[in-house]
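The values are calculated or read from the model by the stated rules, or taken from the named source; none is laboratory data. Keep in mind it's a predicted model, so treat the numbers as computed, not measured. As a convention, Cβ positions derive from the backbone with ideal geometry for all residues, glycine included, and neighbour counts pool all protein chains shown. Areas reflect the complete protein model, heavy atoms only, side chains present, ligands, DNA and RNA absent. Shrake-Rupley method; radii C 1.70, N 1.55, O 1.52, S 1.80 Å.
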Amino acid sequence: MTGSIVHGENILEQIHLLLRKYGFYPDEGIAIHGSGISRKLVDAYFKEWDSSVIEDSTFDTVKELEGIVKYKRFLVAIGGGKVIDTGKVTAGNLGLPFVSIPTTLSNDGIFSPIGVIKKNHIPESILTKPPELLILDYSIIRSSPKELLLAGIGDLISNLSAILDWKLAVKLKKDTEDTPSMELSYEGAETFLEAEEEPFSIPFIKTLAHGLIKSGLAMQRHGSSRPASGAEHLISHALDKILEKPLIHGIQCGFATLFTVLLHGERGLFLRIKEFYERVGFPTTLEQLGVSEEKFREAVKLAPSLRPNRFTILHKNPEIEDALNCIT
Ligand SMILES: [Zn+2]
């Protein structure tokens, strides 16, 4: 089920040794990357490799890449969420081993079996194979844009809401229980919420990474995104459809978590998350998020219809006014 993880500071400097140790040889694979920092990393560390740049994460890109990669023995993806997801789904479709080298931590896809690919501009979650090897270079991740790291924070914290939904669904006999997956997902988020490290320091990034890995493991274990995706993700998916310019996935999910934990009546948890968000500079009001109350209401209304079979608090038609007041 699970792959291997190598992590540390400045470890890309020994990337060739590392890959060889796991049986990955440069002339047998291909490296895909984005156009920013990851291109520079490929120029520096993957000079003699076949490589390909990924501009977007659409089904067309995956198809195109399949044609390029099919004669290779493995695929390495270096970059942000789009590059990792495109690589993961392409490698999964071809049955090839996949090596994930994220340059930031913007979501829990780094170790999950889920890849998000766009169809007609709308992101779709594809269940595929998780990475065989995950390489985390904390020095590189730490220097990535703060907005992307905030998105990773939001995606991890959103597990707290997803697990409340899952427990509710089990209680109402709308879903089955999987305690180890529930605990894995919850634990990573809860530990991070209690983290006392200086925001965005290396120890803080490590705790974030460990939480996101646990989230990925929980999804691998359960074979779906249930451990890390509940009502807050549905609201984010609805915002993707409604907003002209949607925000980053993890920012939308993390923000919606403030609202959904209140719908669950978890005021104490709401206050803990809010305090934590304020400490790290994550939006805690619709105004800070840059979304109007009208659009947010629209998203909340649309959200349950986007996944009728995954029961969440939103499928119970909850009273939303009090919760809305707390985020406006
Ligand atoms: Zn997510």
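First obtain the Kirkwood hydrodynamic radius of region 67-208 from its Cα pairs, then insert it into the Stokes-Einstein equation at 20 °C and 1.002 mPa s, and state the resulting D in µm² per second as a whole number.
Estimated via Stokes-Einstein, D reaches 130 µm²/s.
When DSSP assigns beta bridges and you keep just the ones with both residues in the chain, what percent turn out antiparallel, to the nearest 5?
The antiparallel fraction comes to roughly 20 percent.
In Å and from the alpha-carbon atoms only, list the Rg and Dmax of region 1-65.
Both quantities, over Cα of region 1-65: 13.3, 35 Å.
Write out the chymotrypsin sites (Phe, Trp or Tyr not before Pro) in region 33-97 meeting two conditions: DSSP loop, and at most 12 other Cβ atoms within 10 Å of their Cβ.
Filter output for region 33-97: Y71.
Which of V69, V116, V170 ends up with the largest GNM mean-square fluctuation for the chain, with Cα atoms connected below 10 Å?
In the Gaussian network model the winner is V170.
Determine the percent antiparallel among the DSSP beta bridges restricted to region 4-142, to the nearest 5.
The answer is about 20 percent antiparallel.
Can you pull out the trypsin sites (Lys or Arg not before Pro) in region 28-61 whose DSSP state is coil and whose Cβ has at most 14 other Cβ atoms within 10 Å?
Counting only loop positions with at most 14 other Cβ atoms within 10 Å, the trypsin sites (Lys or Arg not before Pro) in region 28-61 are K47.
Please list, or write none, the lysines whose alpha carbon is within less than 18 Å of the alpha carbon of K301, excluding same-chain residues fewer than 8 places away.
K241, K316
Once phi is turned into θ = phi - 60°, what whole-Hz ³J(HN,Hα) does the Karplus curve with 6.51, -1.76 and 1.60 give for every residue of region 5-15, x standing for Gly and Pro?
10, 10, 9, x, 8, 6, 7, 4, 4, 10, 4
For region 146-326, build the charge dipole from Cβ charges (+1 Lys, Arg; -1 Asp, Glu) around the Cα centre, then report which of G290, A162, T207 sits farthest towards its positive end.
A162
In region 38-71, which GluC sites (Glu not before Pro) fall in coil by DSSP and have 11 or fewer other Cβ atoms within 10 Å?
E48, E55
Using Cα atoms only, what is the angle between the long axis of helix 179-193 and the major principal axis of the chain, expressed in degrees (0 to 90) to the nearest 10?
90
Could you work out the percent of alpha carbon pairs in the chain separated by over 29 Å, rounded to a whole number?
34
Taking N as the number of residues in region 205-261, what is its Cα Rg relative to 2.2 N^0.38 Å?
That ratio works out to 1.23.
Would you rank I126, I5, I153 by solvent-accessible area, highest first, keeping every protein chain in place and using a 1.4 Å probe?
I5, I126, I153
Can you list residues whose amide H is under 5 Å from V116's amide H, if they're 5+ apart or on another chain and H is modeled 1.01 Å from N?
Close amide H contacts, sequence-distant or interchain: I126.
Show me, bin by bin at 10 Å from 0, the whole-percent P(r) of region 65-130 based on Cα pairs.
All Cα pairs considered, the percentages come to 24, 56, 20, 0.
If the convex hull of the alpha-carbon atoms of region 115-190 is projected onto planes in all directions, what is the mean projected area in square nanometres?
7.4
Evaluate E = 1/(1 + (r/R0)^6) for Q14 and E321, where r is the Cβ-Cβ distance and R0 equals 56 Å; express this FRET efficiency to the nearest 0.05.
Rounded to the nearest 0.05, the efficiency is 0.50.
Using a cut-off of 14 Å between alpha-carbon atoms, which aspartates and glutamates can reach K214, once sequence neighbours fewer than 8 places away in the same chain are excluded?
Correct list for K214: D108, D155, E183, E187, E190.
So, R0 is 51 Å and r is the distance between the beta-carbons of R279 and Y71; what FRET efficiency does that work out to, to 0.05?
0.55
Take S181, S51 and sort them by solvent-accessible surface of the protein heavy atoms, 1.4 Å probe, largest at the top.
Listed by decreasing accessible area, they come as S51, S181.
Expressed as a whole percentage, what fraction of the accessible surface of the chain belongs to carbon and sulfur atoms when a 1.4 Å probe is rolled over the protein heavy atoms?
It is 48 percent, rounded to a whole number.
So how long is each side of region 224-328 along the principal axes, counting just the alpha-carbon atoms, biggest first, in Å?
Dimensions of region 224-328 along the principal axes of its Cα atoms: 36, 31, 28 Å.
Binning at 5 angstrom from zero up to the longest distance, how are the C-alpha pair distances of region 4-142 distributed in percent?
For region 4-142, the pair-distance distribution reads 2, 11, 23, 27, 22, 11, 4, 1, 0.
Please give the charge dipole size of the chain, origin at the Cα centre, charges +1 on K and R Cβ atoms and -1 on D and E Cβ atoms. Round to the nearest 20 debye.
760
Using only the alpha-carbon atoms, how far is helix 59-69 inclined from the longest principal axis of the chain? Give it as 0 to 90 degrees, nearest 10.
With both axes taken from Cα atoms, the answer is about 20 degrees.
Counting heavy atoms of the protein chains only and a 1.4 Å probe, report the per residue accessible area for the chain as a whole number of Å².
Accessible area per residue, the chain: 44 Å².
D for region 146-326, whole µm²/s, Stokes-Einstein with Kirkwood Rh over alpha-carbon pairs at 25 °C and 0.890 mPa s: what number?
This corresponds to a translational diffusion coefficient of 153 µm²/s.
What angle do you read, to the nearest 10 degrees and between 0 and 90, between the alpha-carbon axis of helix 231-242 and the longest principal axis of the chain?
80
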